[in-house]
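To keep things clear, I will list the structure first and then write my remarks on it.
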Amino acid sequence: MNTIKQLVVLIISLFLYQFVEAAENKLTLEPLYGVETSLVRYPEPARYVNRATYGARILYGSTLLSGELEYTEAQSRNDYPSTNQKVLDKSQRAAVGVRSTLGLGQFLGVYVRAGGRASQGKSEVTTAGVTETIENPLRVDPYAGAGLQIAFASNLALNAGVTLIRNDENHYDSQYTLGLTARFGKL
């Protein structure tokens with residue numbers, strides 16, 4: 001089991017333990033699907049690509065201040081006919097941070113979030129039928145984002161958000177997500 005998956009299991013266990021101990025807080029689960037613009041390093045020169053991303057986010061705490069844990073995966077494939085190359089890029093990410101939601105009425109709210117995201121992955125570069133696998137090193141980058149929540153019931157909502165992640169090129173990757181929120185605990 002790789003390091004990111006071990007970290008995710010440990011943090012989920014801590015969240016669940018805290019949930020049992022302090023039932024006045026809420027546990028929120030958000031399955032995520034989205035589109036991101038991300039820096040892909042291979043083939044050189046590095047370039048930005050758009051790709052789908054999916055995963056889940058767990059929030060624990062009050063509406064005003066919650067801790068969050070997120071796990072996402074993304075994959076893209078780009079063909080470069082001029083150089084006879086195909087590049088398959090895969091990323092796995094775990095993020096830990098805080099989130100604050102402000103209600104704008106009974107069914108509408110906005111949120112802000114910030115934290116750190118660890119990512120790793122690999123790129124498979126195929127040139128003239130020969131495939132080379134390049135492991136991308138573990139990186140930790142800060143992130144910040146905002147979003148909008150529309151509630152359908154006291155424990156079910158739709159949310160849409162954008163998150164900016166600073167990469168090591170001193171630029172920002174962007175991630176646009178759409179999620180369905182389910183809350184557990186006292187409301």
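No value in this document is a laboratory result; all are computed from the given coordinates. Note that the structure is predicted; figures quoted are calculated from it, not measured. Backbone-built Cβ (ideal geometry, glycine too); neighbour counts: all protein chains shown.
Hey, rough spin-label estimate for residue 164 and residue 39, points 7 angstrom out along Cα→Cβ, what's it come to in nanometres?
So the two model labels end up 1.5 nm from each other.
Report ³J(HN,Hα) in whole Hz for each residue of the range 88-100, in order, from the Karplus equation J = 6.51 cos²θ - 1.76 cosθ + 1.60 where θ = phi - 60°; Gly and Pro get x.
10, 10, 10, 9, 10, 9, 10, 10, 10, x, 10, 9, 10
I need the peptides 171-180, 85-94, 133-142 ranked by packing, meaning the mean over residues of other C-beta atoms within 10 angstrom, with the highest value on top.
Averaged packing, sorted descending, gives the order 85-94, 171-180, 133-142.
Distances longer than 20 Å among the Cα atoms of the range 32-187: what percent of all pairs is that?
52 percent
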